[in-house]
Amino acid sequence: MNKALLANWIARLDRGEDRMCIKLLRKKYLGEKNFMQQKHARGASQFWQGLWKVGEWYKKGRGWKLGNGRQISFWDDVWLDECPLRIKFPAVYRICLDERISVAEASGKGWNLSYRRGMSEFELAEWRQMAEQVGRVTMGAGEDQMVWKLNKSGVFTSRSLYRLLMDSGVVDSCVMKIWEAHIPAKIKIFLWMAWKNRIQCAEQLVVRKWKGSEYCKLCGLTESIDHLIFCCPVAIIGFVQQWSILQERSAQEKLEGDLMKLKTNMAHCQAMA
């Protein structure tokens, strides 16, 4: 609940309320920028650092109605359609040098942003699609207006953000079956890592700039998670052997349990006699 209440201060800053405390905070930390355009202020007050910590949650519900574009981040804010441009045009965003540019600055450049290199055919097609959309934008003269997307009224409420914070989202039923299984915790963690593709196999390590070989040391094929668990012939033999041992232990334990029950029943019968 504290996060939702703190986020209310961010909404008041973005709305530019005509109050002394809001004016002082804007003058000290923001100027003409919105809250999420600022860089993390080192040495700021504990109150401001608290606002910074809840900023990412606040950002999930915030959109903008375009005015002069000074407070709106071209890539990060929701101002054109219903998602940020960096999500809608990821290939172009990855090679863009103007990652923190505002809409006003982008418009002043004629929407011609700077890029690290020339574009591939796919990136060029995505850029043309983006250029077509932003080319239809008409800049206003007034201030940008914050719109809260989690309310039909468009006005921020702590309750709407609180609902977002408390919503667990979509539950993965397969993962839940892993955590609910009656098996040791270390096996649950291993199965979860396998399901989420988090096991540090060679294929994963190569992506992280590992200098070693991406091939399995046992059979010579590419070492992926699927290969380790399901495809490697040497690993399969090991799993089959372990399964056989577990089956034998299970059968032995069942036999011992049946013998114990038989002894108990015989002792009970003798006592009755």
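Taking 2.2 N^0.38 Å as the expected size of a compact globular protein, what ratio does the Cα radius of gyration of the stretch 32-165 give against it, to two decimals?
Dividing the Cα Rg of the stretch 32-165 by 2.2 N^0.38 Å gives 1.14.
Using per-residue counts of other Cβ atoms within 10 Å, averaged over each peptide, order 203-211, 105-113 from highest down. If you can, show how the numbers build up before the last one.
Details: 203-211: 11.9, 105-113: 14.4.
Descending packing order for the listed peptides: 105-113, 203-211.
Using alpha carbon centroids, what distance separates the stretch 207-225 and the stretch 74-96, in Å?
Measuring centre to centre over Cα atoms gives 35 Å.
In µm²/s, what is D for the stretch 132-244 at 37 °C and 0.692 mPa s, where D = kT/(6 pi eta Rh) by Stokes-Einstein and Rh is the Kirkwood radius from Cα pairs?
D = 168 µm²/s.
Taking 0.36 nm per residue of sequence separation and subtracting the Cα-Cα distance, how much length would be gained by fully extending the chain between Arg198 and Glu132, in nm to one decimal?
Working: separation 66, 0.36 × 66 = 23.76 nm, distance 3.94 nm.
Here the answer is 19.8 nm.
Give me the compactness ratio for the chain, meaning the Cα radius of gyration over 2.2 N^0.38 Å. Walk me through the numbers before you get to the answer.
Values: Rg = 29.7 Å, N = 273, 2.2 N^0.38 = 18.5 Å.
Relative to the 2.2 N^0.38 Å estimate, the chain comes out at 1.60.
So for the pair Asp18, Cys83, with labels modelled 7 Å out along Cα→Cβ, what separation do we get in nm?
A separation of 4.0 nm, rounded to one decimal place.
Mind giving me the nanometre distance, one decimal, between the label points for Arg163 and Glu121, set 7 Å out from Cα along Cα→Cβ?
It works out to 4.7 nm between the two label points.
Find the lysine pairs in the stretch 1-61 meeting two conditions, Cα atoms under 14 Å apart and a separation of 8 or more places or different chains, and report how many there are.
Close lysine pairs found across the stretch 1-61: 6.
Which FRET efficiency, nearest 0.05, do Phe239 and Glu56 yield, Cβ-Cβ r, R0 41 Å?
Plugging the Cβ-Cβ distance into 1/(1 + (r/R0)^6) gives 0.45.
Quick one: length gained pulling Thr264 to Lys188 fully straight, 0.36 nm per residue minus the C-alpha distance?
Stretched out fully, the Thr264 to Lys188 stretch lengthens by 23.7 nm.
Where a number appears in this text, it was derived from the coordinates with a stated rule and is not lab data. What you are looking at is a predicted structure, and each value in this text was computed from that prediction instead of being measured. For neighbour counting, all protein chains shown are included, and Cβ atoms are generated from backbone atoms with ideal geometry for every residue, glycine included.
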